[in-house]
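A.B. asks: The structure that follows is given in the form of C-alpha coordinates.
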Amino acid sequence: MKREIHSAIKHHQHIRIIYVGRDGQTTMRVIRPLAIEGERLKAYCLTRNGPRVFSLSNLLAIEPVVNDHAV
(Lines give C-alpha, C1' and ligand atoms only; values in the text may rest on other atoms or scores of the structure.)
Protein backbone atom coordinates (compact mmCIF):
# COMPACT_ATOMS: atom_id res chain seq x y z
CA MET A 1 0.00 0.00 0.00
CA LYS A 2 2.86 2.40 0.78
CA ARG A 3 4.28 1.89 -2.71
CA GLU A 4 1.00 3.02 -4.31
CA ILE A 5 0.84 6.05 -2.03
CA HIS A 6 4.45 7.04 -2.81
CA SER A 7 3.64 6.75 -6.52
CA ALA A 8 0.57 8.98 -6.12
CA ILE A 9 2.68 11.55 -4.24
CA LYS A 10 5.39 11.49 -6.91
CA HIS A 11 2.90 11.86 -9.78
CA HIS A 12 0.57 14.33 -8.00
CA GLN A 13 -2.38 11.96 -8.31
CA HIS A 14 -5.55 11.75 -6.27
CA ILE A 15 -6.49 8.48 -4.60
CA ARG A 16 -9.69 7.18 -3.07
CA ILE A 17 -9.29 5.61 0.36
CA ILE A 18 -11.47 3.65 2.69
CA TYR A 19 -10.47 4.67 6.20
CA VAL A 20 -11.45 3.86 9.78
CA GLY A 21 -11.57 7.08 11.80
CA ARG A 22 -10.84 7.58 15.49
CA ASP A 23 -14.53 7.12 16.25
CA GLY A 24 -14.56 3.71 14.54
CA GLN A 25 -16.61 4.95 11.59
CA THR A 26 -15.55 3.81 8.13
CA THR A 27 -15.46 6.55 5.51
CA MET A 28 -14.55 6.84 1.86
CA ARG A 29 -12.45 9.88 0.97
CA VAL A 30 -10.77 11.30 -2.10
CA ILE A 31 -7.40 12.73 -1.12
CA ARG A 32 -4.27 14.24 -2.62
CA PRO A 33 -1.46 12.55 -0.67
CA LEU A 34 1.39 14.90 0.21
CA ALA A 35 3.86 12.94 2.36
CA ILE A 36 4.32 9.83 4.44
CA GLU A 37 5.94 10.57 7.79
CA GLY A 38 6.50 7.46 9.87
CA GLU A 39 3.12 5.73 10.07
CA ARG A 40 1.14 8.84 9.14
CA LEU A 41 -0.07 10.06 5.77
CA LYS A 42 -0.34 13.81 5.31
CA ALA A 43 -2.87 14.70 2.63
CA TYR A 44 -5.31 17.26 1.37
CA CYS A 45 -8.79 15.76 1.67
CA LEU A 46 -11.00 16.78 -1.25
CA THR A 47 -14.00 15.22 0.49
CA ARG A 48 -13.64 17.47 3.56
CA ASN A 49 -11.87 20.35 1.75
CA GLY A 50 -8.94 20.59 4.11
CA PRO A 51 -5.62 19.16 5.23
CA ARG A 52 -5.79 15.86 7.12
CA VAL A 53 -3.44 13.32 8.65
CA PHE A 54 -4.33 9.64 8.34
CA SER A 55 -2.87 6.72 10.24
CA LEU A 56 -1.57 4.18 7.71
CA SER A 57 -2.75 1.34 9.93
CA ASN A 58 -6.34 2.62 9.59
CA LEU A 59 -6.33 2.57 5.78
CA LEU A 60 -8.44 -0.37 4.60
CA ALA A 61 -8.12 0.18 0.83
CA ILE A 62 -6.82 2.63 -1.72
CA GLU A 63 -7.44 3.06 -5.44
CA PRO A 64 -6.25 5.62 -7.99
CA VAL A 65 -8.66 8.29 -9.18
CA VAL A 66 -8.54 9.41 -12.80
CA ASN A 67 -10.75 12.34 -13.84
CA ASP A 68 -12.84 11.86 -10.67
CA HIS A 69 -13.50 8.20 -11.55
CA ALA A 70 -11.82 5.33 -9.75
CA VAL A 71 -10.07 2.87 -12.03
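A.B. asks: Accessible area per residue for the chain in Å², computed with a 1.4 Å probe and the full protein assembly in place, what is it? Intermediate values should be presented prior to the final figure.
C.D. replies: Working: 4810 Å² over 71 residues.
That works out to 68 Å² per residue.
A.B. asks: Restricting to DSSP loop positions (anything but H, G, I, E, B) with no more than 15 other Cβ atoms inside 10 Å of their own Cβ, which trypsin sites (Lys or Arg not before Pro) remain in the chain?
C.D. replies: Sparse-neighbourhood loop trypsin sites (Lys or Arg not before Pro): 22, 48.
A.B. asks: Using Cα pairs under 8 angstrom and six or more residues apart, how large is the relative contact order of the chain, in percent?
C.D. replies: Details: 132 pairs, mean separation 21.5, N = 71.
Computed over the chain, the figure is 30 percent.
A.B. asks: Now, a different point. Using the Karplus equation 6.51 cos²θ - 1.76 cosθ + 1.60 (θ = phi - 60°), what ³J(HN,Hα) coupling, rounded to whole Hz, does each residue of the range 32-39 give in order, writing x for Gly and Pro?
C.D. replies: 10, x, 10, 6, 9, 10, x, 9
A.B. asks: For the chain, set up a Gaussian network in which alpha carbons nearer than 10 Å are linked by springs, and say which option among 35, 43, 61 fluctuates the most.
C.D. replies: Comparing 35, 43, 61 in a Gaussian network model of the chain, the most mobile one is 61.
A.B. asks: Let me ask something additional. How far, in nm, would the chain grow between residue 48 and residue 1 when pulled straight, counting 0.36 nm per residue and subtracting the alpha carbon separation?
C.D. replies: On the way: separation 47, 0.36 × 47 = 16.92 nm, distance 2.25 nm.
Using 0.36 nm per residue and subtracting the Cα-Cα distance, I get 14.7 nm.
A.B. asks: How many percent of the accessible area of the chain is carbon or sulfur, using a 1.4 Å probe?
C.D. replies: Carbon with sulfur: 50 percent of the solvent-accessible area.
A.B. asks: If you don't mind, there's one more thing I want to ask. Nearest 500 deg cm²/dmol is fine: what mean residue ellipticity at 222 nm does the chain get from its DSSP H runs of n ≥ 4 alone, each adding -39,500 (n - 2.57), divided by its residue count? Could the numbers behind the result be given before it?
C.D. replies: Values: 1 runs with 9 residues, N = 71.
Computed ellipticity for the chain at 222 nm equals -3500 deg cm²/dmol.
The values are calculated or read from the model by the stated rules, or taken from the named source; none is laboratory data. A quick note: this is a predicted structure, and the numbers were derived from the prediction, not measured. FYI the Cβ positions are ideal-geometry reconstructions off the backbone, even for glycines, and counts take in every protein chain you see. We work out accessible area using only protein heavy atoms, side chains counted, and drop any ligands, DNA or RNA first. Shrake-Rupley method; radii C 1.70, N 1.55, O 1.52, S 1.80 Å.
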